[in-house]
């Protein structure tokens, strides 16, 4: 029986894995949000059955397409950030922190003024706490070994 070679690659720490899983959860939620407005407007059954604009304003169908396109862009951007994050690029940590902060603000506004999405809120809170762990910040070069930030 042949012995297995030991891999020189280090395993990523548990917080990085938790963040990656939370990003995947957010991707799946955003993917559902891509199709939800189109299904509710029966675009897949009836096709595009009306105008997207009425003068300078969006119709209900136009609003559904805009909403779907926005969530599609967010989904694709999440995949790019996930790939950068798993490759341990510093820019992905910075972008993910900014994205998480903005998403938490939007989630809080939704909480107070409309219907909140608790899965998105929970995922963002997990990501925010995990990104602020000292070990994660050191891996991404955000914090030095002496404890000072860059």
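The values are calculated or read from the model by the stated rules, or taken from the named source; none is laboratory data. Computed from a predicted structure; not experimentally measured. Methodologically, a virtual Cβ is constructed for each residue, glycine included, from the backbone with ideal geometry; neighbour enumeration extends over all protein chains shown.
Annotations
- Members of the stretch 94-105 that are over 15 Å from residue 126 (Cβ atoms) and surrounded by 13 or more Cβ atoms within 10 Å (Cβ to Cβ): 94, 95
- Filter result for residue 65 (surrounded by 15 or more Cβ atoms within 10 Å (Cβ to Cβ) and in contact with a helix residue (DSSP H, G or I) (Cβ under 7 Å, 6 or more places away or on another chain)): no
- Unique match (being farther than 19 Å from residue 29 by Cβ, free of Cβ contacts under 8 Å to residues at least 60 places away in the same chain, out of contact with any helix residue (DSSP H, G or I) (no Cβ under 6 Å at 6 or more places or on another chain) and part of a helix (DSSP H, G or I)) among 45, 106: 45
- Residue check for residue 128: surrounded by 17 or more Cβ atoms within 10 Å (Cβ to Cβ), part of a helix (DSSP H, G or I) and at pLDDT 90 or above: yes
- Condition check for residue 149: loosely packed, with under 14 Cβ neighbours inside 10 Å, at pLDDT below 90 and touching a strand residue (DSSP E or B) at 6+ places or on another chain (Cβ under 9 Å): yes
- Residue 73 part of a helix (DSSP H, G or I), surrounded by 14 or more Cβ atoms within 10 Å (Cβ to Cβ) and modelled with pLDDT of 90 or more: no
- The selection criterion, being within 22 Å of residue 142 (Cα to Cα), part of a helix (DSSP H, G or I), within 12 Å of the chain's Cα centre (by Cα) and at pLDDT 85 or above, holds for residue 100.
- Criterion: within 21 Å of the chain's Cα centre (by Cα) and within 14 Å of residue 14 (Cα to Cα) - qualifying residue of 109, 120, 136: 136
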